[in-house]
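What follows is a short report on a single structure.
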Amino acid sequence: MMDGRGAFTAEELERIRADFPILKREVNGEKLVYLDNAASTQKPSSVIDSMADFFRTSNANIHRAIHTLGYESTVAYENAHKAVAKFIGAKSWREVIFVRNATEALNLVAYSWASKFLSPGDEVVVTMMEHHSNIVPWLMAKERLGIDLKFIRVKDSGVLDMEHAEESITDRTRLVGAIHASNVLGAVNDLHKLRDLARARGAKFLVDGAQSIPHMPVDVGSLGCDFFAASGHKMLGPTGIGILYAKREILEETPPFLTGGDMISMVTVRGATWNDLPFKFEAGTPAVCEAVGLGEAVKYLSALGMERIYSYEKELGAYFLEELKKLPFVDIYGHKEGECLAVFSFNVKGVHPHDAASMLDKFGIAVRSGNHCAQPLMESLGMDNTLRASFYFYNTREDADRLIHALKEVDSLFNKTASGGKK
Ligand SMILES: Cc1ncc(COP(=O)(O)O)c(C=O)c1O
């Protein structure tokens, strides 16, 4: 009997887990406990099968062929845009651009939109909590365009300093960019306040939703964002496909990012005009099969219900945190204030996280160790590398217990060794 709680019954949880073939495998002779979901999630059979079926039955290039397979592929590709648009509450599927990943989505904004709309002296304000993918493109834009880049501080408790946000967003601010949920601390940011601050100054509002969209209901309309970025592989879909949502009028005014085939309407030797949205931003042969997989992934998530997923993960996260706090040899970062996802950064005192992670792997437990592509955040909170356990709806209390047990073993092995056998 699985340990379902609240949002999912034990039977439902068992059925959910059966949808993910990889969860049956063993690692180092132990049943796999996969807790690296913030890096990439596992895939249900429906996603895997949809991609294999596409290759078996309809595979062809899109938008270029009159033949039946070309038509079927085109329809499948466009239907995937429609499924994603519905999932995020976009007004039209033409506002959903398929890119490679969240990183490419953010680069598109920081290159194409910024190059046209930002001038020297303008400000872009992001938070200190951002993943590198929402920092480095803006550092490049700063160098290229002579803009200022400001960072909203994060408090020691792991939440955004909203007073500092108010001070940082000024009449010169043209864009405010914020991570919806932190891939390091799990913190879910209050985006409405930030959006209102941006709006009051006439600035655009960009949301990095790579960590939020897999775990909680997201509606771009009620978020009131102008741009929203996400990665398919973190939400049950395949790698190689990501999402940039932007309001239609903004996309109409923004120049293309990559150029070449499929993104044009007309080409002469003197110049070119652009295709309709979203294809203006989808140059070359896109990831058609991956789009089909992503479309299936959002169908799976919708069928389960994002509210239920969120509430199940909250309960599971609360259970794990309570158990983790009982370990005196563990330092936990964040989770002191506000809403949080079941994403936990922590360290076993005196043990390098890479050593700890490699021992956990011996127990069949997959966690991440390192700086989690968020070095400015780590530095600002005085953190170095950490372990990170990130849960998803197919994880269970048994998974949490297995990790707690293994952490005790890590402490006992390393700290005993370090203290010459004394504990
Ligand atoms: C919050 C956040 N933004 C962006 C990214 C980048 O995602 P990708 O590597 O799929 O582009 C990540 C990846 O971990 C992330 O956690």
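No lab work stands behind these numbers, since they all come straight from the coordinates. Given the structure is predicted, the values throughout are model-derived calculations rather than measurements. When we count neighbours, we look across all protein chains shown, and the Cβ atoms used for this are built from the backbone with ideal geometry, even at glycine.
Candidate cross-link partners of Lys82 among the lysines, defined by an alpha-carbon separation under 22 Å and a same-chain spacing of 8 or more, comprise Lys43, Lys91, Lys234, Lys247, Lys280, Lys299.
How large is ³J(HN,Hα) for each residue in the stretch 123-134, as worked out from phi by the Karplus curve 6.51 cos²θ - 1.76 cosθ + 1.60 (θ = phi - 60°), to whole Hz, x for Gly and Pro? Per residue, the Karplus-derived 3J(HN,Hα) values read 10, 10, 10, 10, 9, 6, 8, 5, 5, 3, 5, 10 Hz.
Test of understanding: what is the full-extension gain from Arg172 to Tyr71, defined as 0.36 nm times their sequence separation minus their Cα-Cα distance?
Values: separation 101, 0.36 × 101 = 36.36 nm, distance 4.79 nm.
Length gained between Arg172 and Tyr71: 31.6 nm.
The mean sequence separation of alpha-carbon pairs under 8 Å and at least six residues apart, normalised by the residue count of the chain, gives a relative contact order of 23 percent. For Ile179, Ile332, Ile22, the sequence from fewest to most other C-beta atoms within 10 Å is Ile22, Ile332, Ile179. Within the chain, DSSP assigns beta bridges of which about 60% are antiparallel (rounded to the nearest 5).
For the chain, hydrophobic long helices are taken as DSSP H runs at least 20 Å long by C-alpha position along their axis with mean Kyte-Doolittle hydropathy of 1.0 or more; these are 288-304.
Can you tell me how the chain classifies by the Cα gyration tensor, rounded, prolate or oblate, using a/c under 1.5 as the rounded cut?
Details: a/c = 2.09, a/b = 1.31, b/c = 1.59.
In terms of gyration-tensor shape, oblate.
Projected over every direction and averaged, the convex hull enclosing the alpha-carbon atoms of the stretch 195-321 yields 10.3 nm². For the peptides 182-192, 137-147, the ranking by mean Cβ contacts within 10 Å, running from highest to lowest, is 182-192, 137-147. Pairs of Lys residues in the stretch 317-423 are counted when their Cα atoms are under 18 angstrom apart and they lie 8 or more places apart or on different chains; the count is 15.
For a test of the definition: using alpha carbon positions, the gyration tensor, and the 1.5 limit on a/c, classify the stretch 95-230 as rounded, prolate or oblate. Verdict is rounded for the stretch 95-230.
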